[in-house]
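Asks: Got a structure here, written out as structure tokens. Questions coming.
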Amino acid sequence: MDLEELSKCIRSNDPAVGLRAVGALHRLAEQVEAVSVVLAREQGWTWEQIGDALGMSRQSVHAKYGK
């Protein structure tokens, strides 16, 4: 789903279309988050700094990405 199509789906009056758009946004956000966490760690950020930036605890971020 490209951004233009996603934008149309978000404005749809059909709940099924809107919910599929929400799912696509969640998947995109997860991908951006994962890439950003890797970049932050490569640049020396602590788990606490990353957690603060994401509005999460350092423990939650580490549990999710500290593999």
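Asks: Quick one: net charge around Asp14, please, counting Lys, Arg +1 and Asp, Glu -1 for every other residue with C-beta under 15 Å from its C-beta.
Replies: Details: positive: Lys8, Arg11, Arg20; negative: Glu5.
Once all neighbours under 15 Å are counted, the net charge is +2.
Asks: Shifting gears a bit: Can you give the FRET efficiency for Val35 and Ala63, using 1/(1 + (r/R0)^6), R0 = 25 Å, r = Cβ-Cβ distance, to the nearest 0.05?
Replies: Result of the calculation: an efficiency of 0.85.
Asks: While we're looking at this one, here's another question. Could you please report the charge total around Tyr65, scoring K, R as +1 and D, E as -1 over all other residues with beta-carbon less than 10 angstrom from its beta-carbon?
Replies: It works out to a net charge of +2.
Asks: Which one, (1) 32; (2) 45; (3) 56, gives percent of Cα pairs over 19 Å apart as derived from the coordinates shown?
Replies: After the calculation, the listed value that fits is (2).
Asks: Which residues' amide hydrogens lie under 5 Å from the amide hydrogen of Ser12, considering only partners 5 or more residues apart or on another chain, with H built in the peptide plane?
Replies: Placed amide hydrogens put nothing under 5 Å from Ser12.
Asks: To the nearest 20 Debye, how big is the dipole of the chain about its Cα centre, given +1 on the beta carbon of each Lys and Arg and -1 on that of each Asp and Glu?
Replies: 200
Throughout, read-outs are computed from the coordinates displayed, never taken from laboratory work. What you are looking at is a predicted structure, and each value in this text was computed from that prediction instead of being measured. Don't worry about glycine lacking a Cβ; one is built from the backbone with ideal geometry, like all the others, and counts go over all protein chains shown.
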